[in-house]
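Each value in this text was obtained by applying a stated rule to the coordinates, not by laboratory testing. Here the structure is a predicted model, which means the values were calculated and not measured. Positions of Cβ are generated from backbone atoms using ideal geometry, with glycine treated the same way; all protein chains shown enter the neighbour counts.
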Amino acid sequence: MKMKSLLSGFGLLVVSVSPLAAHAEILQFNALLNSANSVPALTNPNTAASGLSTLFYDTLTNTYDFTLSAFSLSGSVTGMHIHGPANTTQSGGVLVDINMAPFQKFNSGSTLLLGGDDVTSFGFVASANGHPGQSFLNTLNSGLTYVNIHTAMYPGGEIRGQLLPSAVAAVPEPQVWASLLVGMGLVGFVTRRRLRTRAL
């Protein structure tokens with residue numbers, strides 16, 4: 001009788017836990033940034049500038065990790081955001097200001113390295129550009145968000161890239177991935193150094 005009760009209780013535990021486990025996912029979104037993606041088109045684009053951004057979204061906690069590396073920019077960054085809802089030919093409003101906490105950045109003239117961990121998502125993106133209002137996650141899944149980096153020479157944005165689900169996102173060149181890994185390492189170093197400084 002005790003064994004039967006134990007098995008019955010275990011069955012209830014499995015039933016109560018398994019739905020959570022089944023719906024917990026980490027979704028990846030990638031963006032390749034360059035001047036050719038800017039909207040409207042730049043008169044004198046900085047064709048040497050490029051970047052790569054990756055966002056990992058946790059559907060269980062509704063938080064995300066975000067990394068961004070950009071190189072050969074015309075100068076120091078004056079602003080950077082995640083925008084939407086908008087497709088590749090449209091401009092959208094600012095959804096996330098990634099130029100401020102909780103994001104940590106290293107910006108040395110033409111090079112930008114940035115990262116943020118366990119960033120709390122927000123619930124709703126208002127309708128715009130003919131796209132319906134929906135959650136930030138659904139906006140990401142619909143490919144309607146993009147990353148834009150602003151500099152003094154290009155106040156409207158020097159490089160831009162659409163955040164796309166990894167299943168459909170363009171595959172970056174190996175050297176771009178290498179740059180991103182270096183950037184992530186440097187961001188981690190800068191973050192640890194700042195934390196140690198605050199602890200002193």
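Label positions at residue 87 and residue 26, each projected 7 Å from the Cα along the C-beta direction, are separated by 3.2 nm. Using the Cβ-Cβ distance between residue 108 and residue 138 with R0 = 35 Å, the FRET efficiency computed as 1/(1 + (r/R0)^6) comes to roughly 0.45.
A Förster distance of 41 Å, applied to the separation of the beta-carbon atoms of residue 153 and residue 127, puts the FRET efficiency at 0.80.
Under 1.5 on a/c is rounded, so check that first for segment 19-99, then, if it is not, pick prolate when a/b is larger than b/c and oblate when it is not; a ≥ b ≥ c are the square roots of the alpha carbon gyration tensor eigenvalues. It comes out prolate by the Cα gyration axes. Length available on full extension from residue 61 to residue 76: 0.36 nm per residue minus the Cα-Cα distance, which gives 2.0 nm.
For segment 47-76, backbone nitrogen atoms closer than 15 Å to the point 7 Å from residue 97 Cα along Cα-to-C-beta are found at no residue.
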